[in-house]
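A.B. asks: Mind looking over this structure? Questions follow.
The values are calculated or read from the model by the stated rules, or taken from the named source; none is laboratory data. Everything quoted here is computed from the prediction, not taken from an experiment. Using ideal geometry, Cβ is built from the backbone for each residue, glycine included, and neighbour counts are taken over all protein chains shown.
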Amino acid sequence: MRLIILIGFFTSSLGLYRHRHVRAVHDGDTGAADSYLEQFGYMSSAKSVKLHSTSERTEALKSFQRFNNLPITGKLDHDTVHKMNTPRCGVPDMEPSSDGLPKPYKLGPKWTKKNLSWRVTNFSDRLSNSVLKSEIARALKAWSDVADLSFTEVSSGEDIKIKFVTGSHGDNGPFDGEGGVLAHAFFPQNGDAHFDEGELWVVNKTGTDLFIVAAHEFGHSLGLDHSENDDALMAPYYTGYITNYQLHPDDIAGIRSQYGEQQNPSPTDPSPTDPSPTDPLPTDAPRPTPAVTVTPPPVDNRPELCFNGYEATIKSKKIYEFDSEGTRTRVLKIKKEKGRKILPEKTRAAFAVSENQVYMLGDSMAWQLDLSTLTISSESIKLISEEFPGLPSGTEAAMLYDTQTVYFFQSTMYYSFDLQTNTLNGGPYDAAAEFIKNDCEVLK
């Protein structure tokens, strides 16, 4: 699959296309096929009740097949129907001219400045605000790493406004809930990007990966249109989650044709003497392929092995400790302080940070237990949001991986938290697919 993004179309072309849900196309259903071909620019809209001729439809189907690298048959064959039913972007791939034949779009307008600001005005309930903003910043950085651009988060007066919304939201491009279209963005000098809150936004492959979708959308926000290259980020269909994603040379050439090459490359970027397209290209010229890879893969800091450390089961006011072999070593009884319940809330998860210090989490509260005295200090009782900023509620298990990294598990997902900086590193991640990366047995 490729990118599923809806762009709620840009500039003067906004009035040319009606925003609507993509109608499913079935074998032999020429009416639905005509509607699809009209919507995405492969032929002009039929006037009144006049239907399209067979020759019109044949030429439009050939254009659709050519753009999508399908066998060019001019027929509504199986491959064509399958592609039409693939979730995709809502922006037309072509622009029908006065003769009704499709014409490829050119590069869109570009910003008149290279230092751009952004702000999230409506957050998602699917991710914590800190994780969401981290993924947004990472998606923008994918472009500034390869072109002469910079991005700054601001509290007002932003160039790029980012919203997570549902249904009709004031821009003539209503969202359709989970599946179908995922998001849309606008060309400069607008650049706003809207994301369908009906999607399951995640930072990995278990739902809709926010980074991949956002990076595509911001390509539109910067003035890039769709690419005919199936492997490019700016192709119109959703790719799904891609580990260690790197921009395709087609994307790099396109953004550099708008803004030029990055002026201060990092040591991992190509040196200034490396050949690359720095001069603006004609909008209809083929894009050259850089000979270098410019984005290094991120460091994989997932645990190498199953962790064999402190293990305990907490039941009521007792703690049952176990060694790495699963043998119970002792049972501890938490002492009750006068005038207070033994535990602030029913314990949902716990992890030890030292021989005597144990963090315990309930539904909304977190507190610390001193194993040397078996007491809980009043000062340690805090809201989870205060003790572990950015961590959503609902933790069911927790473990300390190293001296500063804690993994919090919720259902089949987990979050990574840095105790030293008191910040959420990321998540939710798929515990089965992401947590263990070798032959260690995955716990169900």
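A.B. asks: Of everything in the stretch 104-136, what is among the polar types (S, T, N, Q) and in contact with a strand residue (DSSP E or B) (Cβ under 8 Å, 6 or more places away or on another chain)? Give them in sequence order.
C.D. replies: N115, S117, T121, N122, S124, S128, N129, S130, S134
A.B. asks: Does the stretch 202-231 hold any residues that are in a strand (DSSP E or B) and either among the acidic types (D, E) or in contact with a Gly (Cβ under 6 Å, 6 or more places away or on another chain) (or both), and which are they?
C.D. replies: Matches in the stretch 202-231: D209 only.
A.B. asks: If you check A139, A147, which single one turns out to be crowded, with 16+ Cβ neighbours inside 10 Å, out of contact with any strand residue (DSSP E or B) (no Cβ under 9 Å at 6 or more places or on another chain) and hydrophobic (A, V, I, L, M, F, W, C)?
C.D. replies: A139
A.B. asks: Hey, can you tell me all the residues within the stretch 359-381 that are of a type in the set (S, T, Y) and assigned to a strand (DSSP E or B)?
C.D. replies: Y359, T375
A.B. asks: Same structure again: Which is assigned to a loop (DSSP other than H, G, I, E, B), modelled with pLDDT of 85 or more and within 30 Å of Y414 (Cβ to Cβ), of L70, L140, L127, L132?
C.D. replies: Checking each option against the conditions leaves just L127.
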